[in-house]
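The structure under discussion appears below in the form of structure tokens.
The values are calculated or read from the model by the stated rules, or taken from the named source; none is laboratory data. Since we're looking at a predicted model, the values are computed, not measured. Virtual Cβ from ideal backbone geometry, glycine too; neighbours counted across all protein chains shown.
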Amino acid sequence: MSRTHAEFDQFYECGDKKFVNLWQAFDYQLESQHFPYYRPDIDFIDSITNCKRPNNISHQYIKDLIIKSLKHLRKKHKYLRIALGGGTDSWSILKYCVQSDIYVDEVVTSMLTFEPNVRHNLEWLPALRYAEQHVGKAIGHVNKVYPNIDDCLYVKEKNWWSNPDYVRGSHWPIRPCLNKVWLERTNLPEDDRVDIFGYEKPYIKKQNNKMYWVLQDDAVTECMGIKSVVPLFYNKEFPELTVAMAYAFANNCTYHANYYSYENFNKNKLKVLKDLGLESTGHRFLDMFFLGKSDYDGSERKLGGYGLQSLSSNYNYKSKMWWKFLEKIGREDLIEDYKKSVLQASYRYKDLPYALQSNGKSFERVGRQICIEMDEKGFGNLEK
């Protein structure tokens, strides 16, 4: 049976048009003056609305829900593939499949360089070693996809950032885009497979003495419009998993702040991870996001004054390694083309309402959020 919609059906709505690329929606906003709204999967939102708070929120309870969801996906789909990012989310998903005899047809990851390089691909290696130990038993095969020079040439195309063939959702990638690198490199039709992503740990907002679960148009939009992708922690067939993780995370949001994310926890991070039903990778530099999630010191200098580093999903350690690799192979021209496109986009969108905002040094994208109130009984209704 062919899919008529994506497993997680999300898009941007601008007037009477739908887009899977925010920058393309901004272009239409310039033309039509309509505002682009983020529309996550309505069936998922309906499933968690008014969902009750679980009585017993524990590591084991949430882990069991994750495993139950994985078993359901295995039974439902002919071909099950895990997108392995190397961090705690996909690592936990992979381990739970192995431990629970859930057969994984393929583990796939997009590497940083054109060929094996330990230093540049450090983030992925521990999880890949674990996966490779189970090939032939719990795992069919491990697919390490290395980009090639053709994957990098998108930065030479005019307005590449608003082309959904290169970019999905709200992303502004420094490195070759996910869907361009490996989602297209498969002979499997979307109808026969499911691609499981570890999206996404909860976000919590406190405002006017109320607490809200937040879905923001961030990492999960990277696969916008790709029908086979299931963000496991936003699985509409298991809304109790999303809700349980939200309350487990909220129990840790005791310090004074308006907004909470796992990345912002400096203390007790491993405790929070366990409370979310997930497990340590066994490597502190991965558990603590030392490589991939935080800005790299010197990002302003590296961008050469072009600004807008925030549009590029943070200029972090992996981005630094990517540019060092391009310099090593003599393709500094690709770095310069990227910088020029950043400057062009900043001038194109800076005056659009709620498109970009200035932080004093550069521009950053204005995020879009869906908020649902949480109280001691459970989730409420979607905030308008």
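Things worth noting here:
- Residue in region 148-162 that is modelled with pLDDT under 90, farther than 30 Å from K75 by Cα and polar (S, T, N, Q) present: yes
- Taking region 253-274 as the range and being crowded, with 20+ Cβ neighbours inside 10 Å, of a type outside the set (A, V, I, L, M) and not in a strand (DSSP E or B) as the test, only Y262 passes.
- Note on region 138-168: residues that are β-branched (V, I, T) and under 23 Å from E115 (Cα atoms) amount to 4.
- Of all residues in region 300-321, those satisfying the criterion of being crowded, with 19+ Cβ neighbours inside 10 Å, at pLDDT 65 or above and out of contact with any Asp or Glu (no Cβ under 9 Å at 6 or more places or on another chain) are S319, M321.
- Residue within region 115-136 that is modelled with pLDDT of 85 or more and assigned to a loop (DSSP other than H, G, I, E, B) present: yes
- W172 in contact with a Ser or Thr (Cβ under 6 Å, 6 or more places away or on another chain), outside any helix (DSSP H, G or I) and modelled with pLDDT under 95: yes
- Test: residue in region 249-259 that is modelled with pLDDT under 95, over 16 Å from Y203 (Cβ atoms) and small (G, A, S): no
- When D101 is tested against (1) under 30 Å from Y349 (Cα atoms); (2) at pLDDT 95 or above, exactly one condition is not met: (1).
- Here I62 passes the criteria (1) farther than 21 Å from A248 by Cα; (2) touching a residue at least 12 places away in the same chain (Cβ under 8 Å); (3) out of contact with any Phe, Trp or Tyr (no Cβ under 9 Å at 6 or more places or on another chain) except the one numbered (1).
- If you go through region 329-363 and keep only what is out of contact with any Asp or Glu (no Cβ under 7 Å at 6 or more places or on another chain), assigned to a strand (DSSP E or B) and surrounded by fewer than 19 Cβ atoms within 10 Å (Cβ to Cβ), you end up with just S358.
- Of the residues making up region 331-384, those that are touching a strand residue (DSSP E or B) at 6+ places or on another chain (Cβ under 8 Å), of a type in the set (S, T, N, Q) and touching a residue at least 60 places away in the same chain (Cβ under 8 Å) are Q369, N381.
- Among (1) touching an Asp or Glu at 6+ places or on another chain (Cβ under 8 Å); (2) over 25 Å from R284 (Cα atoms) - the single one S92 does not satisfy: (2)
- All positions within region 53-84 that are closer than 30 Å to V145 by Cα and charged (D, E, K, R): K63, K68, K71, R74, K75, K76, K78, R81
- Looking across region 197-211 at every residue that is among the charged types (D, E, K, R) and assigned to a strand (DSSP E or B), the one that is farthest from Y262 (Cα to Cα) is identified as K210.
- Residue check for M288: at pLDDT 90 or above, of a type outside the set (D, E, K, R) and either touching a Leu at 6+ places or on another chain (Cβ under 9 Å) or surrounded by fewer than 18 Cβ atoms within 10 Å (Cβ to Cβ) (or both): no
- Of the residues V230, V142, V194, the single one that is modelled with pLDDT of 90 or more, in contact with a His (Cβ under 6 Å, 6 or more places away or on another chain), part of a strand (DSSP E or B) and not small (G, A, S) is V194.
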